[in-house]
Amino acid sequence: MTNHKERPDHDLAFMLQYENIAWYEAGAVRILDRRIYPGKVEFVTCRTHNEVAKAITDMVTQSAGPFSAAAMGMALAAWECRTSDAEGQRRYLAGAADTMVNARPTTRLRMQQVVNRCLSAAQIALDRGIRVDEAVRAEALAINDRRYSRVARIASYLTEMFPAHGTIMTQCFGETIVGMMLRESRERGKVLRVFCPETRPYFQGARLTATVVRDMGFDVTVITDNMPAYVMKKERVDVFTSAADAICLDGHVVNKIGTYQIAIAAHHHGIPYFVTGAPDVGHPTVDTVHIELRDPEFVLQAMGVRTAAEGVKGYYPSFDITPPHLVSGVVTDLGIFAPLDLARYFLEGGEASKELVV
């Protein structure tokens, strides 16, 4: 594991830099529009915390992006209520926190953890009589620093599973772990090929993962979502890896729709599937997971161009659930754990479930 003194996002791809995820300045939050990146590099500017919440709901940002956006949105909320008395500011920020938490149902538990930290930072600032918006932004950056540092540790364990000359398959956009695993691989001199399923209907794999891999200087190939099994056999994939929106304590993995079928194909071909993240104390069993159903119209088009006839119906579950017997290991900041042995993570002092670590 490499120990860097630089900011944790050093040497990562453009869209993994803090300023290019979500960034607060007095009176506004600027969010990179991942719906159109990399075709266009544009930012959505939000001037109220409600606009930030809407941007999160509308998928302007995704993966771990909403958590950075929510924290910056809390700083914006502090700016909005800056002329109120202390009690008024506390009430306003509590309302803003509730708005952020409910921006997307699937991310509710982890969003609560983020906004609670922002509320604590705001309370300390109010007690000390210092600018609340700046204090909350400082906490937002501290949350980023902690997450990036933890993901770097996860990447060091994951990279151990890669051959010196290997072929890796991913699913969806794993946010920071993609950049970190490639930065770690580069520092170890590993030569990798990466295959990215396109990940419809938002094409995060084609647009985001593949762009990050390219920006990090590695060979990358995009495949359609119905190609993974063939590619695994034909191209001799060594490892399948993904992050997770939630890792239940019973070993079930909740991630972007399509992960389950790729895990089945990997299991059939004897290819290990390593999921990165940490067990989520908010999901003791898979029964606690709510799968978000999104607008079915999105599956009837591709990047705004309709591909199905009028009158045809669509179906769009945003995530699926991979059972533990298809998971080779859960790669955490404390090492790699068997999916049915996740309680040991906490016995060994694990705390990363308090943050999204992708």
Test result for Arg200, touching a residue at least 12 places away in the same chain (Cβ under 8 Å) and either surrounded by fewer than 21 Cβ atoms within 10 Å (Cβ to Cβ) or more than 22 Å from the chain's Cα centre (by Cα) (or both): yes
Every residue from segment 115-138 that is β-branched (Val, Ile, Thr) and in contact (Cβ under 8 Å) with a residue 60 or more places away in the chain: Val136
Test: Phe319 is in contact with a Lys or Arg (Cβ under 7 Å, 6 or more places away or on another chain), closer than 18 Å to Gln62 by Cβ and in contact (Cβ under 8 Å) with a residue 40 or more places away in the chain: yes
Subset tally (residues that are surrounded by 19 or more Cβ atoms within 10 Å (Cβ to Cβ), more than 18 Å from the chain's Cα centre (by Cα) and either of a type in the set (Ser, Thr, Tyr) or assigned to a helix (DSSP H, G or I) (or both)) for segment 248-272: 4
Conditions (1) free of Cβ contacts under 8 Å to residues at least 60 places away in the same chain; (2) touching a strand residue (DSSP E or B) at 6+ places or on another chain (Cβ under 9 Å); number of the one not met by Glu292: (1)
Residue selected from segment 48-82 under the condition in contact (Cβ under 8 Å) with a residue 24 or more places away in the chain and part of a loop (DSSP other than H, G, I, E, B), by the criterion surrounded by the most Cβ atoms within 10 Å (Cβ to Cβ): Ala64
Among the candidates Asp225, Asp238, Asp250, Asp245, residue that is among the acidic types (Asp, Glu) and modelled with pLDDT under 95: Asp245
Subset of segment 9-30 (residues that are part of a strand (DSSP E or B) and without any contact (Cβ under 8 Å) to a residue 40 or more places away in the chain): Glu25, Arg30
Residue among Arg82, Arg7, Arg34 that is touching a helix residue (DSSP H, G or I) at 6+ places or on another chain (Cβ under 8 Å) and outside the structural domain of Arg104 (by TED's automatic domain parsing): Arg7
Condition met for Val212 (assigned to a helix (DSSP H, G or I), surrounded by fewer than 21 Cβ atoms within 10 Å (Cβ to Cβ) and among the aliphatic types (A, V, I, L, M)): no
Failed criterion for Asp295 (all others in (1) surrounded by 17 or more Cβ atoms within 10 Å (Cβ to Cβ); (2) of a type outside the set (A, V, I, L, M); (3) closer than 21 Å to Leu208 by Cβ hold): (1)
Cβ-Cβ under 6 Å pairs, at least 6 apart or on other chains, segment 95-110 side in a helix (DSSP H, G or I), far side of a type in the set (S, T, N, Q) and at pLDDT below 95: Val101/Gln112
Residue count for segment 334-354, restricted to those that are touching a helix residue (DSSP H, G or I) at 6+ places or on another chain (Cβ under 6 Å) and at pLDDT below 95: 2
Some residue of segment 221-229 being assigned by TED's automatic domain parsing to the domain that holds Gln261, under 15 Å from Leu12 (Cβ atoms) and either buried (at least 21 other Cβ atoms within 10 Å of the Cβ) or not small (Gly, Ala, Ser) (or both): no
Of all residues in segment 83-94 being assigned to a helix (DSSP H, G or I) and not hydroxyl-bearing (Ser, Thr, Tyr), the one that is surrounded by the most Cβ atoms within 10 Å (Cβ to Cβ): Leu93
Residue satisfying condition, being modelled with pLDDT under 95 and in contact with a His (Cβ under 7 Å, 6 or more places away or on another chain), within set Val357, Val289: Val289
Leu300 being free of Cβ contacts under 8 Å to residues at least 60 places away in the same chain, farther than 19 Å from Glu160 by Cβ and either of a type in the set (A, V, I, L, M, F, W, C) or assigned by TED's automatic domain parsing to the domain that holds Phe67 (or both): yes
Sole residue being in a loop (DSSP other than H, G, I, E, B) and either among the β-branched types (Val, Ile, Thr) or without any contact (Cβ under 8 Å) to a residue 24 or more places away in the chain (or both), chosen from Ala278, Ala308: Ala308
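The values are calculated or read from the model by the stated rules, or taken from the named source; none is laboratory data. Given the structure is predicted, the values throughout are model-derived calculations rather than measurements. Don't worry about glycine lacking a Cβ; one is built from the backbone with ideal geometry, like all the others, and counts go over all protein chains shown.
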